[in-house]
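**Student:** Okay, handing you the structure first.
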C-alpha cells in the first residue's frame, strides 16, 4: 500500500512551533494549493488548505526560514488523528506528516532573475537540469 502526498503551495501563516518536554520540536503550518476550472465559460479558482506537521530538525528549519506566503514543495503522508472533544463527541482531523520539504520561493526568484538576464542574451527559458521551465506558468495557480 502507498500513502504519499506531493504538494506545491504557499503558506497561509507563519509556522506555529512547540517544544515538547521530551526535547522534541513540532511545527504546524497551513499550505494553500489552487485548482482552476471552467464553468459556464468562466475561469474559476478553488483553494484547498492542507494542515502540515513537521518534526525535529524540519520543525527547526521551518521556524527559522518559513514565513506566511513562502512557496513550499512538500512530500509526506496523510495522517488521521482521533480525539474526543469537550462535549464527548468523537472527532477526527487529517494532516500531512511531512517527510521532506523544499523552499522554492528564493529558487524561483533567482531563476526568474537568470531568465531576465538570459532574455537580454536571447535565451527565453530558465532551465532545471536540462528541463525547460516556464516561470510564469510555474506561479500560475498559487493563492498569493
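Every read-out reported here was derived from the displayed coordinates using simple, explicitly stated rules and does not represent laboratory data. For clarity, every value in this text was computed on a predicted model and none was experimentally measured. Here the Cβ positions follow ideal geometry from the backbone for every residue, glycine too, while neighbour counts run over all protein chains shown.
**Student:** Could you check, for the stretch 77-96, whether at least one of its residues is outside any strand (DSSP E or B) and in contact (Cβ under 8 Å) with a residue 12 or more places away in the chain?
**Tutor:** The initial filter retains those residues of the stretch 77-96 that are outside any strand (DSSP E or B), namely 85-89.
From the residues that got through so far, the ones that are in contact (Cβ under 8 Å) with a residue 12 or more places away in the chain too are none.
No, the stretch 77-96 contains no residue that is outside any strand (DSSP E or B) and in contact (Cβ under 8 Å) with a residue 12 or more places away in the chain.
**Student:** Would you say residue 47 is surrounded by 12 or more Cβ atoms within 10 Å (Cβ to Cβ), under 11 Å from the mean Cα position of the chain (by Cα) and closer than 17 Å to residue 8 by Cβ?
**Tutor:** Numbers: surrounded by 12 or more Cβ atoms within 10 Å (Cβ to Cβ): yes; under 11 Å from the mean Cα position of the chain (by Cα): no; closer than 17 Å to residue 8 by Cβ: yes.
Spelling it out, it is not the case that residue 47 is surrounded by 12 or more Cβ atoms within 10 Å (Cβ to Cβ), under 11 Å from the mean Cα position of the chain (by Cα) and closer than 17 Å to residue 8 by Cβ.
**Student:** Here is a further query. For residue 38, state whether it is over 17 Å from residue 99 (Cα atoms) and either touching a residue at least 12 places away in the same chain (Cβ under 8 Å) or touching a helix residue (DSSP H, G or I) at 6+ places or on another chain (Cβ under 6 Å) (or both). I'd like the intermediate steps shown before the answer.
**Tutor:** Working: over 17 Å from residue 99 (Cα atoms): yes; either touching a residue at least 12 places away in the same chain (Cβ under 8 Å) or touching a helix residue (DSSP H, G or I) at 6+ places or on another chain (Cβ under 6 Å) (or both): no.
When the stated conditions are applied, residue 38 does not pass them.
**Student:** Ok, one more. Go through the stretch 52-69 residue by residue and tally those that are surrounded by 14 or more Cβ atoms within 10 Å (Cβ to Cβ), under 14 Å from the mean Cα position of the chain (by Cα) and over 12 Å from residue 101 (Cα atoms).
**Tutor:** So the count comes out to 1.
**Student:** For residues that are in a strand (DSSP E or B) and in contact (Cβ under 8 Å) with a residue 60 or more places away in the chain, scanning just the stretch 1-27, find the one that is surrounded by the most Cβ atoms within 10 Å (Cβ to Cβ).
**Tutor:** Filtering the stretch 1-27 down to residues in a strand (DSSP E or B) leaves 5-11, 16-19, 25-27.
Next, from what is left, pick out any that are in contact (Cβ under 8 Å) with a residue 60 or more places away in the chain: 5-11.
On the way: 5: 15, 6: 9, 7: 18, 8: 15, 9: 25, 10: 21, 11: 21.
So the residue we want is 9.
**Student:** What is the number of the single condition among (1) under 14 Å from residue 99 (Cα atoms); (2) over 17 Å from the mean Cα position of the chain (by Cα) that residue 23 does not meet?
**Tutor:** Checking residue 23 against (1) under 14 Å from residue 99 (Cα atoms); (2) over 17 Å from the mean Cα position of the chain (by Cα), the one that fails is (1).
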